[in-house]
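Any read-out appearing in this document is the output of simple, stated calculations on the displayed coordinates, not a laboratory observation. This one's a predicted model, so the numbers in the text were calculated from it and none came from an experiment. Cβ atoms come from the backbone with ideal geometry, glycine included; neighbour counts cover every protein chain shown.
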Amino acid sequence: MLVLWVTLLPTVLSVELLKDADFDSTSTYGGDETDGGWWCVQCDAVPSTDKHTGSHSVKVTNRKQNWGSVTQSFKPQGDHKYSFRAYVKILNLAQGKVYHSMETLLEIKGSNGNSKYEQIGTTPHLRPGSWHIVGGDYHMPNDAQEVRVYFQISEPQVNYLLDTASVEEIPHITDLKSDTSGRIDTLRKNNINIKVTNNNVNPSGLTVEVHQTSSEFGWGSAVDANDITDSQHKKYQDYFYDNFEWAVLENALKWYSMEPSQGQDNVALPEKAVDTLRSKGITVRGHNIFWAVAQWVPNWQKQLSASALKQAMVKRVTDSVGHFKGKLPHWDVNNENVHGDFYAQQLHDPDISIWMFNEAHKAAPNSLLFLNDYNVVSQNDATVAFEDEAQYVLGKGAPLKRLGIQSHFNGQPIDYDLVKHRLDEVARVGLKMWITELDIDDWNENTKADKYESLLRLYFSHPSVEGVMFWGYWDGRHWRPNAALANGQNVTPNAAGRRVKQLIKGEWRTNESHPVREGQNLRVRGFKGGYTVQVKHNGNIIKTEQFTLGDNGVDLTISLSGSGSNPQVNNILVG
Ligand code: 9MR
């Protein structure tokens, strides 16, 4: 019975709202706007056996307008949220283009009969020969009566295949704290089994204490390379070390910082910061090797010929990844390449990212290479695009190992149903993820505290997320001072800073003390990470040992000797 229920669960949760979503009932394509099936508006639709799944896809040609598209409508429930997806393969390129962009557009009819149009996602890099994912999500207005979904490419001369479409309702989380707590326990904790062999020693007055000293889950922040090293900024540094175990240099490793004019070499500052942080046990991420958004490309590169630019890029990999080999376990490779394509355009090479990943991997094979982008969970427009970029790069065999979800939230209320859905969507790629640049731009410290708490609960409870990096913490050094966790000359925590610390150093850390009793077996359920275990007699430490709690749990065997008034611990065996 239970097995049956478990197998049925996914189908129960995700009901397909489209008819012939996989385009396999080929007789349904020729409809019109009245019959509720597929309709090719300002275009021709025929079946194709070049399919993504099932037996057929639909081939869309002869598009008479840029909005010519295969389309279908359904009746939504007002105030509910929906996810839209399809796979597309373009069949040709317009002249001068290296790829095309597809918009997923909704036409929403309200109760007054008027329509409004909403673009819910753009996949920017469709290449002929590959299936790409398109789609997005949308929160329906209360009075939505009917929704029609369109898949559009601005250039009407581009023909495409579409397949494996779907429209599904996104589940609502009624109580985020209780929804996440079970998953947090299963994913982030494990058992510490403590056995005391007492050799007839009277254990009265003995206690065993476990203290967590580090976290397996990565908690960190961006830091300013100067402030984290300069002795003038002790309070800034204290706040950092008091809260975090991971760092990323906010700007000092960027190409424009390290080489503002060609040939200049500003490696000294980032090097000093990386070495200082590492000497204090902090792990440092590398951000970033290349940045796809033209605004952040140093001007000198904009004048270079394609071959000179490529040469400079080869050198950049050596100067960044090569130089810091062994010190930076993560690197963002072609930052924000869902939102920009400077190097692809300059080099007329739509696959330049693949080259970057391969070069970076050669320079430091042990560093995990990332895609890193914004609006992936904070907005709907880049979720599917990011998923598609990852899928494409992996399909080309690039050594992409992790996904970086930036998480810059503005001051608007946060829809946690959608954030969770978007995380799940990106997790379909099958790679582990990091939240790389979390901030919430809210001037009200109390609502900001609530929002940070809810987001952290969501992220910490997600099986694909391995760490969360804040994008700064002090309002004196923050690109959005209202997002800060601490304020003023004394770097004083505000309500958000206090809440974050209470979670990451309080609720999600294990520190327990238990009296030792005759023949007792104790089980402590602890958060994964590094620990110290101490045995105390009347409050005085008589033995200390270190251990790591990971996926296999830990058995501690404490063997006592001596007498009741003078107990000794022979050893604490960690197994
Ligand atoms: O916070 C960074 C700010 O100090 C810089 O002036 C800016 C340009 O380099 O970059 C900011 O950080 C961005 C990050 O590198 C990439 N994702 C978006 C971040 C916020 O804009």
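For LYS272, go through the lysines and keep the ones whose alpha-carbon is under 24 Å away, minus same-chain ones fewer than eight residues off.
LYS234, LYS235, LYS254, LYS280, LYS315, LYS325, LYS327
Among the listed pairs LYS97/LYS362; LYS51/LYS310; LYS189/LYS501, give every one whose C-alpha distance is greater than 27 Å.
LYS97/LYS362; LYS51/LYS310
If packing is taken as the mean number of other Cβ atoms within 10 Å per residue, what is the order of 122-128, 108-114, highest first?
Going from most to least packed, we get 122-128, 108-114.
Among residues other than ALA495 whose Cβ falls under 10 Å from its Cβ, what is the net charge (Lys/Arg +1, Asp/Glu -1)? Write down the numbers at each step before the final one.
Numbers: positive: LYS448, ARG498, ARG499; negative: GLU445, ASP450.
Here the count lands on +1.
Measuring from the lowest to the highest alpha carbon on each principal axis, how far does the range 499-561 reach, largest first, in angstroms?
Result for the range 499-561: principal-axis Cα extents of 43, 28, 18 Å.
Given C-alpha coordinates of the range 262-359, what is the ratio Rg to Rh with the Kirkwood estimate of Rh?
0.99
Treat the count of other C-beta atoms within 10 Å as a stand-in for reagent exposure and order HIS139, HIS537, HIS323 from fewest to most.
HIS139, HIS323, HIS537
Using square roots of five times the C-alpha gyration tensor eigenvalues, list the equivalent-ellipsoid semi-axes of the chain in whole Å, biggest first. Kindly include the intermediate steps, with their values, before the conclusion.
Numbers: eigenvalues 465, 199, 94 Å².
Computed over the chain, the values are 48, 32, 22 Å.
Which value in deg cm²/dmol, rounded to the nearest 500, describes the helix-derived mean residue ellipticity at 222 nm for the chain, given -39,500 (n - 2.57) per DSSP H run of n ≥ 4 and division by the residue count?
Values: 12 runs with 129 residues, N = 575.
-6500 deg cm²/dmol, from helical runs alone.
Go from 0 up to the bin containing the longest alpha carbon distance in the range 191-237, width 10 Å each, and give me the % of pairs per bin.
Bins of 10 Å from zero give 17, 24, 20, 15, 16, 7 percent of pairs.
Over the range 328-400, consider all pairs of different Cα atoms and compute the Kirkwood hydrodynamic radius from their mean reciprocal separation; express it in Å, one decimal.
One over the average 1/r among Cα pairs gives 12.7 Å for the range 328-400.
Only counting other Cβ atoms within 10 Å, I'd like SER73, SER27 sorted with the fewest neighbours first.
In increasing order of surrounding Cβ atoms, one gets SER27, SER73.
When the chain is fully extended, how far beyond the present Cα-Cα distance does LYS19 get from ASN200, taking 0.36 nm per residue of separation?
Between LYS19 and ASN200, full extension yields an extra 57.7 nm.
Translational diffusion coefficient, Stokes-Einstein: compute it for the range 234-279 using the Kirkwood radius over C-alpha pairs as Rh, at 20 °C and 1.002 mPa s, and state it as an integer in µm² s⁻¹.
181
Mind ranking 267-275, 333-341 by how tightly packed they are, going by the mean number of other C-beta atoms within 10 angstrom, highest first?
Ranking the peptides 267-275, 333-341 by packing returns 333-341, 267-275.
What order do you get for TRP131, TRP355 when you list them from fewest to most C-beta neighbours inside 10 Å?
TRP355, TRP131
Between THR557 and GLN42, what length comes free when the chain is fully extended (0.36 nm per residue of separation minus the Cα-Cα distance, one decimal in nm)?
So the extension gain works out to 177.9 nm.
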